[in-house]
Amino acid sequence: MKPAERILAWLGASAAPLSGEELARRLACSRAAVWKHVAALRRAGYRIEPRHARGYVLVASPDRLGPAELIPRLTGHWREIVWREAVDSTQHLARERARAGAPEGTIVIAESQSAGRGRLGRHWHSPPGVNVYCTLVLRPPRPPAVVPQIALVAGVAVADAVRDTIGRAAELKWPNDVLVGGRKVAGILTEMEGEAERVAFVLVGIGVNVNLDPAALPPELAKYATSLRAVSGAALDRVAFTARLLGALEARYGQYLAGGFAAIRPAFEATALLTGRAVRVSGPDTTIRGRVVGVDDEGALLLERDGGETVRVLAGEVTLHDGGGV
């Protein structure tokens, strides 16, 4: 973290005022340098007040998801946060960092994106300051063939964070959508780089509509998307939600590494939207229709076809075929 961000983290974690002398000691700099950092933070919107003869107190922060705001709220080991006010895509920046050797658990997060992407190259609506747009760098010791399972693991983690934040169950639409009340609130995009038998890294991109006003959605999205604020009826603390999300991701990923997707499957099944529904799965070469009977221990979607045959589907675009929406 930069010196100013370290000051914010210390002030945010301290129950008592911190003196300029103490901050200077921790930063190994002069008190004048501390004062300059504090002045810059105030200009950036942080309300830092002096307490006579005692030191500085952080009274209020702007609504942003930087390291200084998030790190004091994190409960796991992932602490490497790359924050930007605006990017083309967190996925692009995370790929650059991963290729340069960023450690597992590095989190790239931005307040807005100009070219955010979902699956199949779709644009992800990314207005500033209201949602969560992040990409996580993972380096799983797994063969490339099982990497698609990680999108399902991330979906379970998002559902955990949604439930714990708004008190309502989320629904998971295989393989990468999270819905509440039948409308999409989050999407997941996984991308991998590696060799035939080895994964170099996996990028897990997550977009969550947190405080977005659904009225601001483009017409093509408004018919099936919403936000956590809209379904809960109240504005949410984005920092608290993001910290909860990152904690859930780290916990579920650890569970996955220890026990494979079989360890995650019960949680996925408990929130699965498609089970029992008639669907159409479209791939590049074929379309399969059937009724979803669940997922298997490898994360494949199981479809029962008209003749009673059960087939495994590893990838594809799923559309409900029973007149039931998304």
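The values are calculated or read from the model by the stated rules, or taken from the named source; none is laboratory data. Keep in mind it's a predicted model, so treat the numbers as computed, not measured. Because the Cβ atoms are built from the backbone with ideal geometry, glycine has one as well, and the counts that use them run over all protein chains shown. All accessible areas refer to the heavy atoms of the entire protein, side chains included, with ligands and DNA or RNA removed. Shrake-Rupley method; radii C 1.70, N 1.55, O 1.52, S 1.80 Å.
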| Those residues of segment 23-75 which are under 33 Å from the mean Cα position of the chain (by Cα), open to solvent by less than 30 Å² (accessible area, probe 1.4 Å), over 21 Å from CYS134 (Cβ atoms) and among the small types (Gly, Ala, Ser), in sequence order | ALA39
| Can VAL239 be described as of a type outside the set (D, E, K, R), open to solvent by less than 50 Å² (accessible area, probe 1.4 Å) and under 17 Å from ASN131 (Cβ atoms)? | yes
| Every residue from segment 217-234 that is surrounded by 13 or more Cβ atoms within 10 Å (Cβ to Cβ) and of a type in the set (A, V, I, L, M) | LEU217, LEU221, ALA222, ALA225, LEU228, ALA230, VAL231
| said: Pull out all pairs, ordered by first then second residue, where Cβ-Cβ is under 7 Å, the residues are six or more apart or on different chains, the first lies in segment 125-148 and is at positive phi, and the second is open to solvent by less than 10 Å² (accessible area, probe 1.4 Å) and of a type in the set (Asp, Glu). | reply: GLY129/GLU111
| message | Can you find, within segment 270-305, the residue that is farthest from ALA157 (Cα to Cα) among those that are open to solvent by less than 40 Å² (accessible area, probe 1.4 Å) and among the β-branched types (Val, Ile, Thr)? | response | ILE288
| query | List pairs: first in segment 250-269 and open to solvent by 60 Å² or more (accessible area, probe 1.4 Å), second among the small types (Gly, Ala, Ser) and in a helix (DSSP H, G or I), Cβ under 9 Å, 6+ apart or cross-chain? | reply | ALA251/ALA157; GLN255/ALA263; GLN255/ALA267
| task | Hey, could you check segment 1-23 for residues that are part of a helix (DSSP H, G or I) and hydrophobic (A, V, I, L, M, F, W, C) and say which is modelled with the highest pLDDT? | result | LEU23
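Only one of GLY205, GLY194 is buried (at least 24 other Cβ atoms within 10 Å of the Cβ), in contact (Cβ under 8 Å) with a residue 40 or more places away in the chain and in contact with a strand residue (DSSP E or B) (Cβ under 7 Å, 6 or more places away or on another chain); which?
Numbers: GLY194 fails: buried (at least 24 other Cβ atoms within 10 Å of the Cβ).
Result of the check over GLY205, GLY194: GLY205.
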